[in-house]
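Throughout, read-outs are computed from the coordinates displayed, never taken from laboratory work. Every value quoted in this text rests on a predicted model; they were computed, and no experiment measured them. Backbone-built Cβ (ideal geometry, glycine too); neighbour counts: all protein chains shown.
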Amino acid sequence: MEAVSPRLSNSSTTDEEFSSGGGANAANNAVELSSPRSCSVELLPAVGGGSGDRTVVQYFNNFKKSGVPCRFLLFEQNAWVDFPKLVFDELSAGFVAGKAVFELSADGRCYLFDFLRMVRIDTLTEAANSIAWIDVDGRCFFPRTVVAPEESYHQCYRQKEMEELEIGNIDKSFSDESSGLAWPRFSGAEMLGEGERLYRVVRKLFLNGMRRACGSSDADVAVMSVHKCSYPGLSGRSRLKAFQMMMAMAKEARGDANVKFGWYGASASNVADVVEHGFGKTNSGELGFGAHGLGVHLSPPQHPHGSSVLCREGAEGGEKYMVLCRVVMGNMERVEAGSLQRHPSSDEFDSGVDDLDNPKWYVVWSTGMNTRIIPEYVVSFKTCNQAQGTRRGAAAAATATRRAPPVRTWLSFPKLLKEIEKSLPSPKTRALERLYNQHKLGKMSKDIFIRYIRSIVGDKLLASTIRRIR
């Protein structure tokens, strides 16, 4: 069978790779895979992924929404391989006939194919292999957890139960003994030493971006640690392979996968979830009407400040966390602020941006957030008053006031907005009006409202408008 082997690259990321948002290494981490033009990938629950009637219904719904398969894959010897033509024909016939589970003989052996749980089982040895497929619409259906070929169907369940039991006991013990601590444990990442080159590269990228946006010095923002994601276990490896496959398919379909780096900011617990399990939801709700569609928003590598405003202080001394991700952007389209768009506007596009020439936001739609985005580094940081102590609190507050956006309390918002709207397209105008109404009703603080104005309007237009009406 033809192998579809991911080429995992352990080469270090270069400074140029970060500054350009992607790099050659991103393209080299490709999976040799030929597929239809579309680049949608579905990650579905597999063996051991859940239990009960609700899970069975989910399996069946996933099975039903697939188009007719044009390619079946088997996970064997740590790689995805194509089934022989005769086996493919039999599998296709069974799939089209709506057979979720059926028996098939191949290579002198008898196998049970379960499309719901995405597994092939040897009826004699009970050895299980994961299966996957690509349909005629180009959508890829892969299990979230890949079953190792040497494991039996029953061993998979038993091993998962034991792992959950052990992890549960460890978590309970830690919670009982350390109830006053809430330090995020990134089980899917390893801490880098301050002397390591990658630590210095990521730290420099983060601090330079924060200084550029806020005029901050190293004393204003302190990097406390940098973790490198390691993708352990079957789940981690599956997410990494899904990303690599998406990158290869995007390159084939578009000519260029257009891989970028992007910052993702969130609470400590959300960051831990992203590192260990992937994205569970988009962050567009955090941006309100300043969001450019209903997707995961990441800021470009040179502009971490945009995502830093979405961070939440943890209990462990006020640290905040940002994730530097690699993102398969493919063909990008401009999405207006306040838009309710939730998927590409046509087959020509894969992702969104706020500005095609100088983007401040990358937008990945929810259908691709766990195949187009892979977390690579976690940066822990503190702002000036956290890092330097309470003695500098008053001075830091005064400095922050001096560096605040050029909006003064004596300048009425209605007058400012009326002038700004002369230079904006109607979608942005409507977004500003909705934001202002939220602010007037007391549902949005002044600081948050100003942030949204800056995000939608841009600092250059905002500053020139204020100077003009003074």
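Data table
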| item | result |
| --- | --- |
| For segment 189-387: lysine pairs under 25 Å (alpha-carbon distance), excluding those fewer than 8 apart on one chain | 24 |
| Order of 346, 105 under a 10 Å beta carbon neighbour criterion, fewest first | 346, 105 |
| Length-normalised contact order of segment 80-141 in % [C-alpha pairs under 8 Å, at least 6 apart] | 16 |
| Taking 134, 121 and counting other C-beta atoms within 10 Å, the order from fewest to most | 121, 134 |
| Hits among lysines - C-alpha to C-alpha of residue 446 under 18 Å, sequence gap 8 or more where chains match | 415, 418 |
| For residue 133, distant residues with modelled amide H under 5 Å away | 73, 141 |
| For segment 189-387: span of alpha carbons on each principal axis (Å, largest first) | 47, 38, 27 |
| 21 Å Cα-Cα reach of residue 422 towards lysines, excluding residues that sit fewer than 8 places from it in its own chain | 460 |
| Segment 189-387: relative contact order as a whole-number percent, Cα under 8 Å and 6+ apart | 29 |
| Segment 216-255 versus segment 323-379: alpha-carbon centroid distance in Å | 15 |
